[in-house]
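One structure below.
Read-outs: derived from the displayed coordinates by stated rules, not from any lab. Quick caveat: nothing in here was measured; it's all calculated off a predicted structure. Backbone-built Cβ (ideal geometry, glycine too); neighbour counts: all protein chains shown.
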Amino acid sequence: MTERIDGHTLLISLIATPIRHSLSPTMHNEAFAKLGLDYAYMAFEVGNEELKDAVQGIRALGIRGSNVSMPNKQAIIPYLDELSPAAKLVGAVNTVTNKDGKGHLVGHVTDGTGAMRALKEEGVEVKAQIVTMTGAGGAGTAIAIQAALDGAKELRIFNINDQHYKNAEATVKKINENTNCTATLTDLTDQAAFKQSISESSIYIDATGVGMKPLQEESLINDPEVIRPDLVVFDVVYIPKETKLLKFAREHGAKKTINGLGMMLYQGAEAFKHFTGEDMPVDYIKELLF
Ligand code: NAD
């Protein structure tokens, strides 16, 4: 570490809470070391209350960039100077750049593009496809909007009637008004509509977090008839690596089951490119972390 960090080292931060479990510091620091880049990446426990001061701190200290996670992805927007077109459309930011440390902060969102690249790496294209999705929170919105921007033909979102439902309605409206994709929203309690939709889709994406602790014993699909040999099932969760949904889909012969590790890697790789201008050595990082 003393060989790596000296008076010239530039800092990249991660501001979120809780955050100590995150793989991002390891991922970025290993990539800096591998490429010989003079940066360090540190996680800071920051919630909405500390957020304004933390953003001022980024400006004051010339921190070159930051990742942003819950609960700050939307709350940070008023404190930034500019948003990328995708961040504007999604209404959330997970990456902030501070070019040359000059204090002009630009918000980007790389979750959606990360998810699309993860699918592509598995040979799955959303272009011209009908996609059924569950979940329209932070991750779901970014994925839905990017899938629409990347040319999905139809996006059928199913959400429970909770506090995220209004956001799901807004997301569907944005997609229909700004892209060529047709988006719909249905209450997930309409199980007949959910099953019918998957039967007409080539990809099912679960962006709810069901399957992760404390819901690790749950899956939104439990009927074997829903799984077909031409259906791709993508779950954004990566702990555990195989959720109950993915196990069920694999055992019942889905074409492909994909977990959230690729999304996590490629959203990080795109942030890394924003921070340093360099490509993350993704194969090396995959070997270390997966
Ligand atoms: P969020 O709270 O913003 O949204 C959760 C969504 O799931 C909402 O639409 C909500 O209505 C729905 N939901 C919640 N409980 C449900 C249930 N019991 N049944 C059906 N629907 C339910 O959360 P988020 O930030 O979007 O995160 C969702 C998941 O995505 C988490 O597991 C998170 O770890 C994961 N994630 C993964 C990556 C990655 O890189 N792989 C990135 C971001 C988030």
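Structure notes:
- Interchain or long-range residues, amide H under 5 Å from Thr186's placed H: Ile157, Phe158, Asn159
- Near Tyr238, the amide H atoms lying under 5 Å from its own belong to Gly260; only residues 5 or more places off or on other chains count, and H is placed 1.01 Å from N.
- With each label modelled as a point 7 angstrom along the Cα→C-beta vector, the Glu45-Leu215 pair spans 2.7 nm.
- Sites Lys99 and Lys127 - FRET efficiency at Förster radius 30 Å, r taken between beta-carbons, to 0.05: 0.40
- Taking the chain as a Gaussian network of alpha-carbon nodes connected by springs under 10 Å, the highest mean-square fluctuation of the residues Asp100, Asp162, Asp111 belongs to Asp162.
- Over the stretch 23-125 - Rg/Rh using Cα atoms and the Kirkwood inverse-distance radius: 0.99
- In the stretch 35-174, Cα pairs under 8 Å separated by at least six residues give a relative contact order of 18 percent.
- Estimated FRET transfer efficiency when R0 is 51 angstrom, pair Arg20-Lys88 (beta carbons, to 0.05): 0.95
- DSSP-defined beta bridges in the chain - what % are antiparallel, rounded to 5: 20 percent
- Distance (nanometres) between label positions extended 7 Å along Cα→Cβ at Asp283 and Thr9: 2.9 nm
- Largest first, the extents of the alpha carbon coordinates of the chain on the three principal axes equal 61, 38, 34 Å.
- Rounded if a/c under 1.5, otherwise prolate or oblate - the stretch 199-290, Cα gyration tensor axes: prolate
- Projected label distance in nm at Glu251 and Ile77, using a 7 Å step from Cα toward the beta-carbon: 4.2 nm
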